[in-house]
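What follows is a single structure, written as structure tokens, with notes after it.
The values are calculated or read from the model by the stated rules, or taken from the named source; none is laboratory data. The shown structure was predicted, so the numbers you read here are calculated from the model rather than taken from an experiment. Because the Cβ atoms are built from the backbone with ideal geometry, glycine has one as well, and the counts that use them run over all protein chains shown. Accessible surface areas use protein heavy atoms only, side chains included; no ligands, DNA or RNA. Shrake-Rupley method; radii C 1.70, N 1.55, O 1.52, S 1.80 Å.
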Amino acid sequence: MGWTGKILRIDLTTGTTKTEPLNMDWADKYLGQRGLASKYLTEEIDPKCDPLGPDNKVIFATGPLTGTCASTGGRYSVITKGALTGAIACSNSGGYWGAELKFAGWDMIILEGASPKPVYLTVFDDEVEIRDASEIWGKSIWDVDAWIKSTHQDPLMHVAAIGVSGENQVLYSCIVNDLHRAAGRSGVGAVMGSKNLKAVAVRGTKGVKVKDFKAFMSATSAGKKVLKDNAVTGQGLPTFGTQVLMNVINESGALPTRNSRDVQFDGAKDISAEAMAEPRKSDGKPNLLANQACFGCTIACGRISKIDEKHYTVQNKPEYWHASGGLEYEAAWALGAATGVNDLEALTYTNFICNEQGLDPISFGATVGAAMELYETGLINKEATGGLELKFGSAEALTTAVELTGKAEGFGKELGMGSARLTAKYGKPELSMTVKGQEFPAYDPRGIQGMGLTYATSNRGACHLRSYTVSSEILGIPEKTDPLVTDGKAGLVKAFQDATAAVDSSGLCVFTTFAWTLDDIAPQIDAACEGSWTTEKLLEVGERIWNMERMFNNRAGFTAADDKLPERLIKEAAKTGPAKGLVSGLDKMLPEYYELRGWTNDGVPTNETLDRLAL
């Protein structure tokens, strides 16, 4: 129960499909979604394979609570070897697609090989077909969504697709479902594009069963009350979305600005949640129209926005006058503070293009920020950029750059490499704000010390969603810690990493953990799934997953030398704010972290650790 017990395996090279039973022994050790699919990936591919070659695999995976009435139980993940990083990749998405796959009776889809021609996949319960995608190859995700629903005369189908950026293997392209929810990081869309797979459309009618219905309803009802009564999940996120953080992080002196040359942005107030809700001077209407929830979610942190039709970016483009997914914090930071742009409408338009063409806005914005620094220091010029004046603060440069990158045209092809490859090409790799090749998000490690260790040790490259110590260091959840000190941060990071790995494997959204602990989640899983699921078991599962991912990366060629931060954060002190005069104290935290993990000084899990975790 919880699991459907079925996997759909598709060989795109031969165009064949087959059904196989889920490995329930593995399910007991890795739970589902991130953990269980990563187990399949690590067992089935060579960690040294080319991410964009046919030997890599792509796994769409649900968790045991996906599709149930548990709050936020609509998540799914895409697991592969990342195109951007070469490390193990797991990108998590919301919306409705994951629940629909579960309703169709599948825990996972494993995609192998590469089709000789463009195709898309339809899954209607047990009916699975690989179809010709020649009519939609070269089309945007939004056009593909409409075309598939119209062609199959089923408006209730849910579509996960890549845009032109994925087809052209922009290295941080993503997979977008339900128009503006995304498996967003590490270039999973580029891997899908390398397989000539344009989209996966699903429709399910079977529902999901749980082990103990009465106990499950009791546990989920109790969990929903906790979320409702909590100030963050019951009030802050529904009202302001994740954008509530913009002014908070800026005031904390931890908002990476202009490619991390600064830690505070004087334009933060102009692109904040408050600014989105205020009436515009031009037409008296706000940028933000409403909030929106994913499947089964009682938090509803999503944003729906509409751009000012008279703004220069869209005044002659009525196709962008409709309402769509609005700015969330990470996107607003990357497209705004990282580039020095404080034009809210330009950021919203850029975010629309990221959704339409399938670009990770974090990596895109951070890469543009790095390019702007290259431009302003004279390392690239207008000749190299095709006439594009990449100056910090230029909204026109930002909006032009996203159009070029979305279609992999002109200088957009170079931006599509990501900042690590771009800055290396021009002889300044130190200007790339990345870890393991992936751009870090919206928290400066000089102002939030735990996030420096989080970025450095993240298995998928720099990521805030693997260990959100901001919760403790800034928001005081579950308890307040000082963001400016390194003491105790190794244990904090490990605890967040292990717990998050378990949550990511359940089918639930990690945002629930602003209110829930694993003590709230364990009863829901225990009532839904066979076996005994306690808080202690979930923590062990999370630790097992983390070490398994680390072992994959070690076999792929990553070492302790890759657990590092950009030189700027280690040597250049914060200039303003509470962290003024501080650099990241990674050198103090990392040895303690290795010891707590049960790893050698070289960052390799010891035999004792592997034995303890049954690895």
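Summary of values
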item	result
Accessible area expressed per residue, the range 407-465, with surrounding protein chains retained (probe 1.4 Å, Å²)	23
Cβ-Cβ FRET estimate between residue 315 and residue 135, R0 fixed at 30 Å, reported to 0.05	0.45
Cα gyration tensor, the range 485-615 - rounded (a/c under 1.5), prolate or oblate	oblate
Integer Hz, Karplus 6.51/-1.76/1.60 couplings in order for the range 152-162, x for Gly and Pro	9, 6, 9, x, 8, 5, 10, 10, 10, 9, 10
Loop GluC sites (Glu not before Pro), the range 457-539 (other Cβ atoms within 10 Å of the site Cβ: 12 or fewer; DSSP)	479
Built amide H within the under 5 Å cut-off of residue 359, gap 5+	174
Student exercise, the range 432-554 dipole from Lys, Arg, Asp, Glu Cβ charges, in Debye to nearest 20	480
FRET E, pair residue 322, residue 125, Förster distance 35 Å, beta-carbon r, rounded to 0.05	0.65
Net charge contributed by nearby residues that have their C-beta within less than 12 Å of residue 179 (K/R +1, D/E -1)	-2
Rg/Rg_ref, the range 22-126, where Rg_ref = 2.2 N^0.38 Å and atoms are Cα	1.08
Percent RCO, i.e. relative contact order, over the range 42-143, from Cα pairs under 8 Å lying at least 6 residues apart	23
Cubic angstrom per residue, convex hull over Cα atoms of the chain	132
Amide H contacts of residue 262 (H built 1.01 Å from N, under 5 Å, at least 5 apart or other chain)	257
Too-long pairs where the Cα-Cα distance tops 24 Å, listed order kept, from 18/39; 198/391; 81/206; 428/489; 29/224	198/391; 81/206; 428/489; 29/224
HN-Hα J in Hz across the range 556-567 - Karplus 6.51, -1.76, 1.60, θ = phi - 60°, x for Gly and Pro	7, x, 7, 10, 4, 5, 8, 8, 9, 10, x, 3
From phi via Karplus (6.51, -1.76, 1.60), per-residue ³J(HN,Hα) for the range 375-387 in Hz, x at Gly/Pro	5, 6, 9, x, 7, 10, 9, 4, 5, 5, 8, x, x
Contour excess over end-to-end distance, with Cα ends at residue 154 and residue 278 and 0.36 nm allotted per residue	40.9 nm
Residue-averaged 222 nm ellipticity for the chain, from DSSP H runs of 4+ at -39500 (n - 2.57), nearest 500	-10500 deg cm²/dmol
Solution diffusion estimate, µm²/s, Stokes-Einstein, the range 504-576, Kirkwood Rh from C-alpha pairs, 25 °C, viscosity 0.890 mPa s	158
Heavy-atom surface of the range 1-100, accessible at 1.4 Å and reported per residue (Å²)	28
Å² per residue, accessible surface of the range 300-396 at 1.4 Å	30
Among 71, 19, 8 the positive-end extreme of the charge dipole of the range 1-71 (Cβ point charges)	71
Contact order relative to length of the range 411-566, as percent, for alpha carbon pairs under 8 angstrom and 6 or more apart	22
Longest exposed-site-free window of the chain, the sites being chymotrypsin sites (Phe, Trp or Tyr not before Pro) in a DSSP loop that have at most 15 other C-beta atoms within 10 Å	1-311
Gain in span if fully extended, residue 425 to residue 612, counting 0.36 nm per residue against the direct Cα distance	62.9 nm
Stretch gain in nm, segment residue 14-residue 587, where the contour uses 0.36 nm per residue and the Cα spacing is subtracted	201.3 nm
Protein accessible area in the chain, 1.4 Å probe - carbon and sulfur %	51
Near-label residues of the range 322-345 by backbone N, under 16 Å of a point 7 Å along Cα→Cβ of residue 391	339-343
Interchain or long-range residues, amide H under 5 Å from residue 6's placed H	22, 107
Check: the chain dipole with +1 on Lys, Arg Cβ and -1 on Asp, Glu Cβ, in debye	180
Ratio Rg/Rh, restricted to the range 164-257 and using Cα atoms, in which Rh is the Kirkwood radius	1.13
